[in-house]
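The structure appears below as C-alpha cells.
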Amino acid sequence: MNKPVVLVAEELSEAGLAVLGADFEVRHTDGADRSQFLPALAGVDALIVRSATQVDAEAIAAAPKLRVVARAGVGLDNVDVDAATKAGVMVVNAPTSNITSAAEQTIALILASARNTAQAHAALKNGEWKRSKYTGVELDEKVIGILGLGKIGQLVAQRLAPFGVELIAYDPYLPPARAAQMGVKLLPLEEVLKQADFITVHLPKSKETVGLIGDRELHQVKPSVRIVNVARGGIVDEGALYAAIKEGRVAGAGLDVFSKEPCTDSPLFELDQVVVTPHLGASTHEAQEKAGTQVARSVKLALAGEFVPDA
Ligand code: MLT
C-alpha cells in the first residue's frame, strides 16, 4: 500500500522528521520557489511550512489530495485558511513553540538598539574605536510600550520588568484587570505612542494591523523613541519609518521582520540607527525542535483521521 505523502516545504527539525518516522513518504521542496513548489504539491496528503511559503488558493488547488497544512510556527498569515477550509483541508500550527524565542529576540533587539551594539561591533571590526559616537541609553526608568499583549507580548513584559521600566500596552482584546495583574497599564494606541521611549510590536498580521504604525502615528511619538518589530513586517510601515528616522522624529529601530521577505535590500539598511536581523525570532534550536515535533504529531493525527488537540 502507498504511504501518505508529506511535503516538507521549509526546513523541519530532525526531531520533527523523526516523529514522522517511517509511516510516511516524506518529500522536500523549496516553498519559496513557486516553480518548484506548485508542481511538488501533486499527490501530497500533508504539507509542512514555516513563514516563507505562501499557501494560497493557487497552492491549495494544486494539491487535490491535500488533507492538512501544518505551519511550524505561531502565525497563520501565510496560509489562506478560508481557501483551505473550502477545500476541506485542515490547518494546524504550533502556537506556543517559539514564543520564548521570539520574546528573547525582542529583548536582544531592544538592548541592541538602546546600546548601538551591532553598529559599534561593525565599526570596531572595521578598525574604528568610536566610544562617543555609540553612546546609548539605559532602559532603567524608561516607558516601554507593548503593542499586543498576547502570549509573546506577555513574555516580553515579564522579561523587561526587572530592568526597572514602566510597562504600558495597547491591546483592544485584553481586559485591563488582566494587564494590571502583569504590572502593565493598558492605554489607547495614541497614548502609548505619545508616552513610550521604546515601542515593541507583538500583533498578528491582519487587515487591521498592516500599516497600524504609519506616517500619522510616527508623527505622534517622542523623537527619542526606538521601535522594535519581531512580529510581522508591514505592521510598522517601512517607508514611514525610514522618513521618521531620517527626519529625527524616531531615534532608532530594531527590525527582525519585513513587509516582503526575504528582504536583502531596503532603504532602512542605509540608516545607522537601524539594527536588522533576517526573521530570526523563532530561529533557535529549542523553538525549532518544539515547532517541528508539534506539527509532525498534528500531521500524524490528522492523516490518521484522529482528533488534533491544540498544541
Ligand atoms: C512564526 O510565525 O512562528 C515564525 O515566524 C515562524 C518562522 O520563523 O518561520
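General observations
- Inter-centroid distance (Cα atoms) of segment 90-107 relative to segment 1-59, Å: 20
- For segment 99-276: relative contact order, % (alpha-carbon pairs under 8 angstrom, 6 or more apart): 21
- Here the chain is treated as a sphere whose radius is the Kirkwood value from Cα pairs; by Stokes-Einstein at 4 °C and 1.567 mPa s it diffuses with a coefficient of 63 µm²/s.
- Whichever lysines have a C-alpha closer than 16 Å to that of residue 3, once near sequence neighbours (fewer than 8 apart) are set aside: 65, 300
- Within segment 203-311, the trypsin sites (Lys or Arg not before Pro) that combine a DSSP coil assignment with at most 10 other C-beta atoms in a 10 angstrom radius are 207, 260.
- Entries in 185/205; 185/222; 207/290; 133/246; 125/290 that, when Cα-Cα distance is taken, lie over 27 Å: 207/290; 125/290
- Net charge, residue 172 excluded, C-beta distance under 14 Å - Lys, Arg +1, Asp, Glu -1: -3
- The radius of gyration of the Cα set in segment 187-251, together with its Dmax, comes out at 10.8, 29 angstrom.
- Surrounding net charge for residue 294, when Lys and Arg each add one and Asp and Glu each subtract one, Cβ distance under 14 Å: +2
- With respect to the chain, whose longest principal axis is taken over its alpha-carbon atoms, helix 285-303 is tilted by about 30°.
- At most 16 other Cβ within 10 Å, DSSP loop - GluC sites (Glu not before Pro), segment 167-255: 208, 247
- Crossing angle, helix 151-160 versus the chain [Cα axis fit, 0-90 degrees, rounded to tens]: 40
- Cα-derived Rg to Rh of segment 1-114, Kirkwood definition: 1.04
- Burial ordering of 228, 276, 201, fewest other beta-carbon atoms within 10 Å first: 276, 201, 228
- Along the chain, longest interval not containing exposed chymotrypsin sites (Phe, Trp or Tyr not before Pro), exposed being DSSP loop plus at most 11 other Cβ atoms within 10 Å: 174-306
- The GluC sites (Glu not before Pro) found in segment 255-311 that occupy coil by DSSP, while having at most 13 further C-beta atoms within 10 Å, are 306.
- Table column - 3J(HN,Hα) (Hz), segment 138-145, Karplus curve with 6.51, -1.76, 1.60, x for Gly and Pro: 8, 7, 3, 6, 7, 9, 10, x
- Taking the helices alone, the chain has a mean residue ellipticity at 222 nm of -9500 deg cm²/dmol, built from -39,500 (n - 2.57) per DSSP H run of at least 4 residues and averaged over all its residues.
- On Cα atoms only, tilt of 99-115 relative to the major axis of the chain in degrees: 30
Every number in this text was worked out from the coordinates using simple rules, so none of it is lab data. Remember, it's a predicted structure, so these values are computed and weren't measured experimentally. So basically every Cβ, Gly included, is an ideal-geometry build from the backbone, and we count neighbours across all protein chains shown.
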